[in-house]
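A.B. asks: Below you will find the structure I want to go over with you.
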Amino acid sequence: MATAKKPTTRRKTRPATPEPAPCPDCDGTGEHTEIVRVGARKGRATDDHQTALCLTCWGTGQSID
């Protein structure tokens, strides 16, 4: 015995959610990079870099507003 087919229903489409704006402080990367300075008086810059999380967006890269 064959089973009866169920009627097909249309799928409801949701409106697209807009992408959040990138963080203005870190430009959407979520990190800040600073040059490492050595020396007490002159603060000579080296070729090394230090990376830290952005405190505005807490590393997400998305604007809070």
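Throughout, read-outs are computed from the coordinates displayed, never taken from laboratory work. This structure is a prediction, so every number in the text was calculated from the model and none was measured. Cβ coordinates were reconstructed from backbone atoms using ideal geometry, including for glycine residues, and neighbour counts include every protein chain displayed.
A.B. asks: Given charges of +1 on the Cβ of Lys and Arg and -1 on the Cβ of Asp and Glu, with all other atoms neutral, how large is the dipole of the stretch 17-65 about its Cα centre, in debye to the nearest 20? Don't jump to the answer; show the numbers that get you there.
C.D. replies: Numbers: 4 positive and 8 negative charges, 102 e Å.
That gives a dipole near 480 debye.
A.B. asks: Once the dipole of the chain is set up with Lys and Arg at +1 and Asp and Glu at -1 on Cβ about the Cα centre, which of 51, 17, 29 lies farthest towards its positive end?
C.D. replies: So the residue furthest toward the plus end is 17.
A.B. asks: Pairs of alpha-carbon atoms within less than 8 angstrom and 6+ residues apart define the contacts here; what relative contact order does the chain have, in percent?
C.D. replies: Values: 76 pairs, mean separation 22.5, N = 65.
Relative contact order here is 35 percent.
A.B. asks: How large is the direction-averaged shadow of the alpha-carbon convex hull of the chain, in nm²? Present the calculation step by step, with values, prior to reporting the outcome.
C.D. replies: On the way: hull surface 39.9 nm².
Taking the Cα atoms of the chain, their convex hull projects to 10.0 nm² on average.
A.B. asks: Moving on to the next point. Sorted by packing (mean other beta-carbon atoms within 10 Å per residue), highest first, where do 35-44, 8-17, 22-31 land? Don't skip to the answer; put the middle values down first.
C.D. replies: Details: 35-44: 8.9, 8-17: 5.7, 22-31: 15.3.
Per-residue Cβ counts within 10 Å, averaged per peptide and sorted highest first, yield 22-31, 35-44, 8-17.
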